[in-house]
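Shown next, in structure tokens, is the structure this report addresses.
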Amino acid sequence: MSYEDFLADEPLIVTAALTGGVHGKEANPNLPETPVEIARAAADAVDAGAAVVHLHARAANGERSFATERFQAIDDAIRERVDDVVIQHSTGGTGVPTDRRHLPLRTNPPPEMASLDMGPVNRYDHLTSENTRATVDALHEEMVERGIKPELEVFNDGHLNEVHGLLNRRELADPVYATLLFGDGTLTRPRPANFLNAIANLPDGAQFNTIGTGRHQLPFATMGIIFGGHVRVGLEDSVYYDDGELASSNAQLIERVVELAETLGRPVTTPAETRQILEL
């Protein structure tokens, strides 16, 4: 298998995962939590080359929130500061009732994209993010109703099977867009062979996004670029820029991957080009 089997002609979509829903400022004081902080981070991320911002909402105390109103406040703040960006909301959740998982989809206007976890994910020692097929189907149905493009979150090989199962159960708009995650715990083991196996087993015609968590962020972003995929970086996935060196911002992580992409012959997309590639 050669990179020539996968190398894409189109430019690279860079997604900025600005804040996440697990760690907060205790992990890195530069991680944004309030709507104003997230909006500023989004503006800097777009200036650095990101075309998509992946958003989690936070309550006033910094803990994760699924409230539509909190997502609305973030979206409004971003639109005040950014001329154009593709907004993507997270619907993943740990220990959260299924009906609350739908709330991030109900902003006005709705986000152009939303994440859709393909299966269960272990958190800490006693928590699991439950993603039954019924939950996946219900979230997908509402995304279709609201014109939201699902990004299928593939944490491991079992979830890759669930992508094919979802395609057997439901009609997904082309192109299918899947995010492949590599790291510890429930995620696929971060090995190059596992990366190649994952992209080889995607549905025909699927586009893929690449995430490496923690110290795996840069190596897997590099492989995503080389093998014709797209990439996600940001403080949600790693709070460090280098070994022992906290990242100063999301923009710092994005600038590095944009420079790398251009060196490897994959200039980054604008939001308009992203919409064309993903048929948003």
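The values are calculated or read from the model by the stated rules, or taken from the named source; none is laboratory data. These numbers come from a predicted model, not from an experiment. With ideal geometry, Cβ positions are generated from the backbone for all residues, glycine too; neighbour counts draw on all protein chains shown. SASA here: full protein model, heavy atoms, side chains in, ligands and nucleic acids out. Shrake-Rupley method; radii C 1.70, N 1.55, O 1.52, S 1.80 Å.
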Note the full-extension length gain between ARG215 and ALA59 as 0.36 nm times their separation in residues minus their Cα-Cα distance, in nm to one decimal. 53.3 nm
For the stretch 1-160, with every protein chain kept in place, what is the accessible area per residue (1.4 Å probe, Å²)? 43 Å²
Give the peptides 129-138, 11-20, 211-220 in descending order of average Cβ contacts within 10 Å, highest first. 11-20, 211-220, 129-138
On the accessible surface of the chain, probed at 1.4 Å, how many percent belong to carbon and sulfur atoms? 46 percent
Which value at 222 nm does the chain reach when only helices count, each DSSP H run of 4 or more adding -39,500 (n - 2.57), with the total divided by all residues and rounded to the nearest 500 deg cm²/dmol? -10500 deg cm²/dmol
Can you tell me the FRET efficiency between ASN30 and ASP204 if r is taken as the Cβ-Cβ distance and R0 is 35 Å, rounded to the nearest 0.05? 0.30
Proximal charge balance of VAL144 [Cβ under 15 Å; K/R count +1, D/E count -1]: -4
Between [x] 19; [y] 23; [z] 10, which entry matches percent of Cα pairs over 34 Å apart as derived from the coordinates of this structure? [z]
Within 10 Å, count the other beta carbons around each residue, average over each peptide in 259-270, 165-176, 39-50, and list them highest first. 39-50, 259-270, 165-176
Choice from ALA60, ALA198, ALA221 with maximal GNM fluctuation in the chain (Cα, 10 Å cutoff): ALA60
Shape call, the stretch 59-200: gyration tensor on alpha carbons, a/c limit 1.5: prolate
Computed for the stretch 86-155: size of charge dipole around the Cα centre, +1 on C-beta of each Lys and Arg, -1 on C-beta of each Asp and Glu, debye to nearest 20, value 140 debye
Three principal axis extents, largest first, for the C-alpha atoms of the stretch 1-129, in Å? 46, 37, 30
Relative contact order in percent for the stretch 103-166 (Cα pairs under 8 Å, 6+ apart) equals 41 percent
Shape of the stretch 155-280 from its Cα gyration tensor (a ≥ b ≥ c, root eigenvalues): rounded if a/c is under 1.5, otherwise prolate when a/b > b/c, or oblate? oblate
Residue-normalised accessible area of the stretch 165-280, expressed per residue, 1.4 Å probe, Å²: 44 Å²
